[in-house]
Amino acid sequence: MSKRIISFVGLTVLMVLMTGLLTAAAPVPVTTITLVQGLPSTIQVGETYTVVVQVTSDQKFTSAQAMPDFQYAGKGVVAVNGGDRKGQNTSATLKVTFKGKNSTAKMPGGVVPVAIVVGVRYGGGNVVVQRFEFLVKVP
(Lines give C-alpha, C1' and ligand atoms only; values in the text may rest on other atoms or scores of the structure.)
Protein backbone atom coordinates (compact mmCIF):
# COMPACT_ATOMS: atom_id res chain seq x y z
CA MET A 1 0.00 0.00 0.00
CA SER A 2 2.80 2.46 0.83
CA LYS A 3 4.40 1.87 -2.61
CA ARG A 4 1.14 2.94 -4.26
CA ILE A 5 0.99 6.12 -2.19
CA ILE A 6 4.61 6.96 -3.02
CA SER A 7 3.99 6.27 -6.72
CA PHE A 8 0.84 8.42 -6.67
CA VAL A 9 2.67 11.29 -4.91
CA GLY A 10 5.58 11.00 -7.36
CA LEU A 11 3.23 11.03 -10.34
CA THR A 12 1.34 14.02 -8.94
CA VAL A 13 4.57 15.98 -8.40
CA LEU A 14 5.70 15.15 -11.94
CA MET A 15 2.34 16.34 -13.37
CA VAL A 16 2.56 19.63 -11.45
CA LEU A 17 6.13 20.22 -12.69
CA MET A 18 5.20 19.44 -16.31
CA THR A 19 2.16 21.72 -16.14
CA GLY A 20 4.38 24.53 -14.86
CA LEU A 21 6.86 23.98 -17.69
CA LEU A 22 4.14 23.93 -20.34
CA THR A 23 2.53 27.08 -18.95
CA ALA A 24 5.86 28.90 -18.71
CA ALA A 25 6.67 28.02 -22.32
CA ALA A 26 3.68 29.95 -23.72
CA PRO A 27 4.93 33.20 -25.28
CA VAL A 28 3.60 36.46 -23.92
CA PRO A 29 1.67 38.36 -26.61
CA VAL A 30 3.08 41.65 -27.86
CA THR A 31 0.14 44.05 -27.88
CA THR A 32 0.10 47.64 -29.14
CA ILE A 33 -2.82 49.93 -28.30
CA THR A 34 -2.60 53.25 -30.14
CA LEU A 35 -4.80 56.32 -29.79
CA VAL A 36 -5.66 57.29 -33.36
CA GLN A 37 -8.10 60.10 -32.51
CA GLY A 38 -8.82 61.54 -29.10
CA LEU A 39 -11.27 64.09 -27.76
CA PRO A 40 -10.74 67.81 -28.34
CA SER A 41 -10.18 70.01 -25.30
CA THR A 42 -13.46 71.86 -25.99
CA ILE A 43 -16.81 70.40 -27.11
CA GLN A 44 -19.95 72.42 -27.66
CA VAL A 45 -23.31 71.25 -26.26
CA GLY A 46 -24.81 68.84 -28.80
CA GLU A 47 -21.55 68.15 -30.67
CA THR A 48 -20.29 64.58 -30.98
CA TYR A 49 -16.73 63.31 -31.28
CA THR A 50 -15.47 59.80 -31.68
CA VAL A 51 -12.39 58.43 -29.96
CA VAL A 52 -10.64 55.88 -32.20
CA VAL A 53 -8.14 53.33 -30.91
CA GLN A 54 -6.17 50.77 -32.93
CA VAL A 55 -5.20 47.43 -31.36
CA THR A 56 -2.55 45.21 -32.93
CA SER A 57 -1.09 41.97 -31.63
CA ASP A 58 1.44 39.36 -32.74
CA GLN A 59 -0.98 36.68 -31.49
CA LYS A 60 -4.70 36.20 -32.02
CA PHE A 61 -6.69 37.69 -29.13
CA THR A 62 -10.03 36.42 -27.88
CA SER A 63 -11.62 39.89 -27.77
CA ALA A 64 -10.78 43.59 -27.69
CA GLN A 65 -13.04 46.15 -26.06
CA ALA A 66 -13.12 49.92 -25.46
CA MET A 67 -15.45 51.44 -22.88
CA PRO A 68 -16.08 54.99 -21.66
CA ASP A 69 -15.16 55.94 -18.11
CA PHE A 70 -16.29 59.06 -16.26
CA GLN A 71 -15.30 60.67 -13.00
CA TYR A 72 -18.59 62.63 -13.01
CA ALA A 73 -21.04 60.47 -14.95
CA GLY A 74 -23.68 62.45 -16.83
CA LYS A 75 -21.99 65.83 -16.31
CA GLY A 76 -20.60 67.78 -19.23
CA VAL A 77 -19.92 64.89 -21.62
CA VAL A 78 -21.79 61.60 -22.07
CA ALA A 79 -21.14 58.51 -24.16
CA VAL A 80 -23.44 58.07 -27.14
CA ASN A 81 -22.60 54.37 -27.34
CA GLY A 82 -21.69 52.13 -24.43
CA GLY A 83 -18.41 51.10 -26.00
CA ASP A 84 -17.11 48.93 -28.79
CA ARG A 85 -16.10 45.27 -28.88
CA LYS A 86 -14.43 43.11 -31.51
CA GLY A 87 -14.00 39.34 -31.54
CA GLN A 88 -11.04 37.10 -32.32
CA ASN A 89 -8.36 38.68 -34.49
CA THR A 90 -4.85 40.12 -34.42
CA SER A 91 -6.02 43.70 -35.01
CA ALA A 92 -9.08 45.81 -34.30
CA THR A 93 -10.25 49.39 -34.62
CA LEU A 94 -12.39 50.42 -31.64
CA LYS A 95 -14.58 53.53 -31.46
CA VAL A 96 -16.39 55.29 -28.62
CA THR A 97 -18.52 58.35 -29.40
CA PHE A 98 -19.06 61.17 -26.89
CA LYS A 99 -21.50 64.09 -26.90
CA GLY A 100 -21.38 67.47 -25.17
CA LYS A 101 -24.33 67.44 -22.77
CA ASN A 102 -24.14 70.59 -20.64
CA SER A 103 -21.74 73.28 -19.43
CA THR A 104 -18.75 72.33 -17.31
CA ALA A 105 -18.34 75.89 -15.96
CA LYS A 106 -19.18 74.81 -12.39
CA MET A 107 -16.85 71.79 -12.47
CA PRO A 108 -13.38 72.01 -10.87
CA GLY A 109 -11.17 73.87 -13.36
CA GLY A 110 -14.13 74.29 -15.71
CA VAL A 111 -13.46 70.88 -17.27
CA VAL A 112 -14.68 67.33 -16.88
CA PRO A 113 -12.35 64.29 -16.87
CA VAL A 114 -13.35 61.72 -19.50
CA ALA A 115 -11.53 58.49 -20.35
CA ILE A 116 -11.77 55.33 -22.34
CA VAL A 117 -10.38 52.03 -21.14
CA VAL A 118 -9.24 49.49 -23.71
CA GLY A 119 -8.86 45.84 -22.79
CA VAL A 120 -7.49 42.98 -24.90
CA ARG A 121 -8.14 39.44 -23.69
CA TYR A 122 -6.14 36.38 -24.70
CA GLY A 123 -6.58 32.69 -24.02
CA GLY A 124 -5.01 31.50 -20.79
CA GLY A 125 -6.25 34.52 -18.87
CA ASN A 126 -3.82 37.11 -20.25
CA VAL A 127 -5.30 40.62 -20.36
CA VAL A 128 -3.68 43.85 -21.58
CA VAL A 129 -5.28 47.16 -20.52
CA GLN A 130 -4.64 50.76 -21.60
CA ARG A 131 -6.40 53.90 -20.37
CA PHE A 132 -6.65 57.18 -22.31
CA GLU A 133 -7.66 60.28 -20.33
CA PHE A 134 -8.99 63.63 -21.55
CA LEU A 135 -9.99 66.89 -19.91
CA VAL A 136 -12.92 68.41 -21.78
CA LYS A 137 -14.49 71.84 -21.46
CA VAL A 138 -18.11 72.34 -22.49
CA PRO A 139 -18.89 76.10 -22.60
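The values are calculated or read from the model by the stated rules, or taken from the named source; none is laboratory data. No experiment lies behind these values; they were computed from the predicted model shown. A quick note on method: Cβ atoms are made from the backbone with ideal geometry, for glycine too, and the neighbour counts reach across all protein chains shown. We work out accessible area using only protein heavy atoms, side chains counted, and drop any ligands, DNA or RNA first. Shrake-Rupley method; radii C 1.70, N 1.55, O 1.52, S 1.80 Å.
Taking the DSSP beta bridges with both ends in the stretch 33-139, the antiparallel portion is around 95 percent.
In terms of accessible area, using a 1.4 Å probe and ignoring ligands and nucleic acids, GLU133, GLU47 rank largest first as GLU133, GLU47. Of all lysines in the structure, those lying under 19 Å Cα to Cα from LYS95, and not within fewer than 8 positions of it along the same chain, are LYS86.
Accessible area per residue was computed with a 1.4 Å probe on protein heavy atoms; LYS137 scores about 100 Å².
A simple spin-label model places the labels of THR32 and GLN65 2.6 nm from each other, with each point 7 Å out along Cα-to-Cβ.
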